[in-house]
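Remarks on the structure that follows.
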Amino acid sequence: MSSTLQYRRAKDKVFLCVVCILSSLTMIPLFLILWELLKKGYKQINLSLFTEVAPSSMDAMLARISNEPIPGGILNGLSGTILMLAMAIVMSIPVGILSGIYLAEHKDSKFSSVVRSLTDLLQGVPSIVVGVVVYAWVVRPMHSYSAFAGSVSLAIMMLPMIIRSTEESMKMVPGTLKEAGLALGASYSTIILRILLPAAFGGLFTGSLLAICRVMGETAPLLLTALGASAVNLNVTEPTSAIPLLIWEFYNDPNLANLVWTTSLLLLVFVLVINIIAKNIAKKWKIQ
Amino acid sequence: MKDKLFKYLLFGASCLILLLSGGIIYALVSSSFEVFSHFGFFNFIQSTEWDSQHEKFGALPFISGTVLTSVLALLFCIPFAFSIALFNGEYFKGTKVAAVVSSVVDLLAGIPSIVFGLWGFYVLRPFMVDLGINAQGFGVLLSSIVLAIMIIPYASSLSTEFISVVPNELKEAAYSLGATNLEVIRTVSIPFAGSGIFASFILALGRALGETMAVTMLIGNTNNIPKNLADTGNTMASIIANQFGEASGLKLSSLIAMGLLLFVLTAIINLIAKYIMKLVNK
């Protein structure tokens, strides 16, 4: 009896150890990736990174031969990313919030459940497929890759996340708030815009930040829609670069390989910082 | 009057989702129609040829590459994601350690695909070469390992939720009978949360199917059916990313048709997962 008890206890301990070991192993890649990017990327961090466009392969090769840091920066990618993200935000956030409100207000209607399933479907669409679709919608009729096409693809990917987070945070708002508004004789739109929306703001804001985070590093759809450009471009109908597109270019060009780490480091830091901010906001608003 | 307008606005925004989904399906189907009428649907998905010069295109190598890498990635991720779920949802539920672990795993989910690809290329690939997998290190095995790391967060965060809602009374009943932690997990938690956990792994599989950049950088990009784990290949997503830019005519349509197949495949996988979750929640 005691031997089987010992055996059971031992088995239990071993299992706990395995769980702890596997769990800690899972956390290693994050730190390995960060370390790798820091180790290889810190050399190129300087002001010109933000003020100059990506160097040509030739310039980079000359600098590499004379053992100097590669000249130039990623201004064309940075401006492109900001431009496309801004347009994607303008397109997706209003629509996402409005339909999220609709879903929260009409919980049980058939139409809502259809929209909800389609939102799930959209969320699962692989990013490259979004790229293909936007190519067929926007790039082909316009006969040109463009920043506009890129931002449409980013907006499509942000939309489902914003809808879901709006719906979830609207549901969290206590029904008594709405009733109080109704009792005061407020109109439907006033109740939603002045009472429910501000009360759900924390969740909404977090959801939107996370959506931005998710699309910031997307490369595949932009390859098929925005293509990339070597100069700063603010014309929405022209091909435009973005930070992930620059990483892809640098990766494909051995002369620019040194710059790839710095650019990735920058992208990763952006993404992680926004992520952490978003999570902290979510925590703060939950307590209140 | 203003209220009515506002209600229409809400309704309109939701209708836009309908339009969007319809538009996506229409764009994919109408652009790939040419391919299916030219080769025949079943010929297209069964043919192994991918020949730009003779305009012969078949999807089988890429379908098999996608399925092989994703399923392998899923197998690799199961022990890790399951451990995280037990760690956060059972053993250390609600503690500071669990909070730290879950935020680290969350951050892992935030790393862009292309950064994973870079890391796999410069750090893991030399390992593969040292291990003697193949001369260049590229291939199915390398991409599955990186894919597995990428989908662990998706699988683990959902399964954690399912494991942590196992009622305490059930677990306490088992503990009071003298069960050890492991026995409680095996006889109470897993039977209770099993289908939910299963669904989260299916969702993670759906993620793996559509991953593009990391796989494109690591799989080796050869248009053959991978014969073993060390072999190189191509997935549906990676062939689109690689060849879309210079494609035109029938090749472009073939790539769009590939996009349609990928869309249908991920949609089916996600539907299955959502259906299981619906059953669980009832």
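Please treat every number below as a calculation from the coordinates, not as lab data. Since the structure is predicted, the reported quantities are computational estimates derived from the model, not experimental observations. Heads up, the Cβs are rebuilt from the backbone with ideal geometry, glycines too, and the neighbour counts pull from every protein chain shown.
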>> Defining a contact as two alpha carbons under 8 Å apart and six or more residues distant in sequence, what relative contact order in percent does region B:120-243 show?
In response: 34 percent
>> Just to check I understand the Karplus step: with θ = phi - 60° and J = 6.51 cos²θ - 1.76 cosθ + 1.60, what whole-Hz values come out for region B:217-230, glycine and proline as x?
In response: 7, 10, 8, x, 6, 10, 8, 10, 6, x, 8, 8, 5, 7
> Per residue and in cubic angstrom, what volume does the convex hull of the Cα atoms of region A:1-90 have?
Replying inline: 175 Å³
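At 25 °C and a viscosity of 0.890 mPa s, what translational diffusion coefficient does Stokes-Einstein give for region A:149-288, taking Rh as the Kirkwood radius over Cα pairs? Give it in µm²/s as a whole number. The partial results should precede the final answer.
Working: Rh = 17.6 Å.
This corresponds to a translational diffusion coefficient of 139 µm²/s.
Ranking A:TRP35, B:TRP119 by Cβ neighbours within 10 Å, fewest first, what do you get? Intermediate results must be reported in sequence, preceding the final value.
Numbers: A:TRP35 11, B:TRP119 24.
In order of increasing Cβ crowding within 10 Å: A:TRP35, B:TRP119.
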> Roughly what angle does helix B:2-39 make with the longest principal axis of chain B, taking Cα atoms, 0 to 90 degrees, to the nearest 10?
Replying inline: 50 degrees
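Return the subset of B:LYS93/B:LYS274; A:LYS13/B:LYS274; A:LYS11/B:LYS278; A:LYS284/B:LYS274; A:LYS13/B:LYS93 for which the Cα-Cα distance in this structure is over 24 Å, preserving the input order. Provide the component values of the computation, followed by the final result.
Working: B:LYS93/B:LYS274 26 Å; A:LYS13/B:LYS274 35 Å; A:LYS11/B:LYS278 35 Å; A:LYS284/B:LYS274 30 Å; A:LYS13/B:LYS93 18 Å.
Table pairs above 24 Å Cα-Cα are B:LYS93/B:LYS274; A:LYS13/B:LYS274; A:LYS11/B:LYS278; A:LYS284/B:LYS274.
Ratio of alpha-carbon Rg to the 2.2 N^0.38 Å globular estimate for region A:24-71, to two decimals, please.
Working: Rg = 14.8 Å, N = 48, 2.2 N^0.38 = 9.6 Å.
Ratio of Rg to 2.2 N^0.38 Å for region A:24-71: 1.55.
Treating the beta-carbon of each Lys and Arg as +1 and of each Asp and Glu as -1, no other charges, what is the dipole magnitude of region B:50-281 about its Cα centre, to the nearest 20 debye?
Numbers: 11 positive and 12 negative charges, 31 e Å.
Computed about the Cα centre, the dipole is about 140 debye.
Going by C-beta contacts inside 10 Å, put B:GLU172, A:GLU52, A:GLU249, B:GLU246 in order with the fewest on the left.
B:GLU246, B:GLU172, A:GLU52, A:GLU249
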>> Give the average, rounded to an integer, of partner chain Cβ atoms located within 10 angstrom of each Cβ in A:187-196.
In response: 3
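For region B:140-282, what D do you get in µm² per second when you plug the Kirkwood radius from alpha-carbon pairs into Stokes-Einstein at 20 °C and 1.002 mPa s?
On the way: Rh = 17.7 Å.
Once the numbers are plugged in, D ends up at 121 µm²/s.
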> Dipole size in debye (nearest 20) for the protein assembly as shown around its Cα centre, Lys and Arg Cβ +1, Asp and Glu Cβ -1?
Replying inline: 1620 debye
> In debye, nearest 20: dipole of region A:75-287 around its Cα centre with unit charges on the Cβ of K, R (+) and D, E (-)?
Replying inline: 660 debye
>> Using only the Cα atoms of chain A, what are the Rg and Dmax in Å?
In response: 24.2, 80
>> Quick check: the angle from helix B:140-164's long axis to the longest principal axis of chain B, C-alpha only, nearest 10 degrees?
In response: 40 degrees
> Counting only residues 5 or more places away or on other chains, whose amide H sits under 5 Å from the amide H of B:LYS56 once H atoms are built in the peptide plane?
Replying inline: B:ASP51
> What distance in nm separates the simple spin-label points at B:VAL97 and A:SER144, each placed 7 Å from Cα in the Cβ direction?
Replying inline: 5.9 nm
>> Using the Cα atoms of the protein assembly as shown, I'd like the radius of gyration and the largest Cα-Cα distance, Dmax, both in angstrom.
In response: 24.8, 80
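Give me the percent of Cα-Cα pairs in chain B that sit more than 22 Å apart, rounded to a whole number.
On the way: 25881 of 39621 pairs.
Pairs farther apart than 22 Å: 65 percent.
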> B:ILE219's amide H: which non-local residues (gap 5+, or another chain) put their own amide H closer than 5 Å, with H modeled 1.01 Å from N in plane and none for Pro or chain starts?
Replying inline: B:GLY139
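In the neighborhood of B:SER52, defined by Cβ-to-Cβ distances under 12 Å, what is the net charge if each Lys or Arg adds +1 and each Asp or Glu adds -1? Walk me through the intermediate numbers first.
Numbers: positive: B:LYS56, B:LYS251; negative: B:GLU49, B:ASP51, B:GLU55, B:GLU246.
Combined, the nearby Lys, Arg, Asp and Glu give -2.
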> Mind listing the phi-derived Karplus ³J(HN,Hα) values for region A:149-163, rounded to whole Hz, using 6.51, -1.76 and 1.60 with θ = phi - 60°, and x for any glycine or proline?
Replying inline: 4, x, 6, 4, 5, 5, 4, 4, 6, 7, 3, x, 5, 5, 4
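What is the local net charge at A:ILE70, summed over the other residues whose Cβ is closer than 12 Å to its Cβ (Lys, Arg +1; Asp, Glu -1)?
With Lys, Arg at +1 and Asp, Glu at -1, the neighbours total -2.
Can you give the relative contact order of chain B as a percent, counting alpha carbon pairs under 8 Å and 6+ residues apart?
Dividing the mean separation by the residue count of chain B yields 27 percent.
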> Roughly how compact is region B:122-182, stated as its Cα Rg over 2.2 N^0.38 Å to two decimals?
Replying inline: 1.94
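What is the sum of charges around A:VAL19, taking Lys and Arg as +1, Asp and Glu as -1, for the other residues whose C-beta is under 15 Å from the C-beta of A:VAL19?
Values: positive: A:LYS11, A:LYS13, B:LYS93, B:ARG186; negative: A:ASP12, B:GLU90, B:GLU183.
Once all neighbours under 15 Å are counted, the net charge is +1.
Per-residue ellipticity at 222 nm for chain A, helices alone: DSSP H runs ≥ 4 residues times -39500 (n - 2.57), over residue total, nearest 500 deg cm²/dmol? Numbers along the way, then the final one.
Working: 12 runs with 205 residues, N = 288.
Theoretical 222 nm ellipticity from helices: -24000 deg cm²/dmol.
Given C-alpha coordinates of region B:235-282, what is the ratio Rg to Rh with the Kirkwood estimate of Rh? Don't jump to the answer; show the numbers that get you there.
Details: Rg = 15.5 Å, Rh = 12.3 Å.
Ratio value, two decimals: 1.26.
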> So, in nm, how far is label A:ALA186 from label A:ILE28 when the simple model puts each one 7 Å beyond its Cα toward the Cβ?
Replying inline: 5.5 nm
> To the nearest whole percent, what portion of all C-alpha pairs in region B:63-102 is separated by more than 13 angstrom?
Replying inline: 58 percent
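Among A:VAL173, A:VAL134, B:VAL184, which comes first, then next, by fewest other beta-carbon atoms within 10 Å?
On the way: A:VAL173 17, A:VAL134 27, B:VAL184 21.
Arranged by neighbour count, lowest to highest, A:VAL173, A:VAL134, B:VAL184 become A:VAL173, B:VAL184, A:VAL134.
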> Do you know the relative contact order of region A:75-287, to the nearest whole percent, from alpha carbon pairs under 8 angstrom that are 6+ apart?
Replying inline: 31 percent
